[in-house]
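Remarks on the structure that follows.
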Amino acid sequence: MNAASDLLRQEHRQIESQLDGLRDALVNLPAPRMAEVRTHFAAIRTLAALHFRKEEEIFYPSVRGFDPKLLAEMDEQHEESRVAERDLEALLARLSDAPSERDLTELHRLGLMFEDLVQTHILAEEDRLLPWADRTLRSEEQQTLAIRMDRLKT
Ligand SMILES: [Fe+2]
Ligand SMILES: [Fe+2]
């Protein structure tokens, strides 16, 4: 029925499970949870990189014409997530596994901001983009988009 939207929803659940892990590790800092922060962050980066490409290269272009303003907002949220991801990546790269109090505060702030941006974006898609795509795209279009997105592996 809504194969493409459902594929994206399913990937959202995978990303969210890692976001929960990241948040949990961040709020239970200091030090012992550093390894978990790194693991969840790496998993989110991998999942989100491919997920964003599926959306930007395949799903968004197919629906952009129907609501350019909403799609521009989605693009902007992707960009904000990427900026936060790069900042968090840079911070984690220079942190040891026993960071200073000051670095932990920064990690806490940046990590939760990143988590919030990605979660907010997922909700925006699920509340505003996907239900509308479900109503607008024909079943065969959903199917074709799902197959194309599924082919995108790296
Ligand atoms: Fe997205
Ligand atoms: Fe998404």
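Computed 3J(HN,Hα) for segment 33-46, one whole-Hz value per residue from the Karplus formula 6.51 cos²θ - 1.76 cosθ + 1.60 where θ = phi - 60°, is 8, 3, 4, 5, 4, 4, 5, 5, 4, 4, 5, 4, 4, 5, glycine and proline marked x.
Need one number: convex hull volume per residue for segment 107-154, Cα atoms only, in Å³.
68 Å³
Axis of helix 101-124 versus longest Cα principal axis of the chain: the two differ by about 10°, to the nearest ten degrees.
Going by alpha carbons, how many degrees (0 to 90, nearest 10) lie between the helix axis of 3-27 and the longest principal axis of the chain? Long axis of 3-27 versus the principal axis of the chain: about 10 degrees.
What value in Å³ per residue do you get for the convex hull of the alpha-carbon atoms in segment 3-151? Numbers along the way, then the final one.
Details: hull volume 13.9 nm³, N = 149.
Hull volume over Cα atoms, normalised by residue count, gives 93 Å³.
We did not get these values from a lab; they are worked out from the coordinates using the rules stated. In this text, all values refer to a predicted model and were calculated from it rather than measured experimentally.
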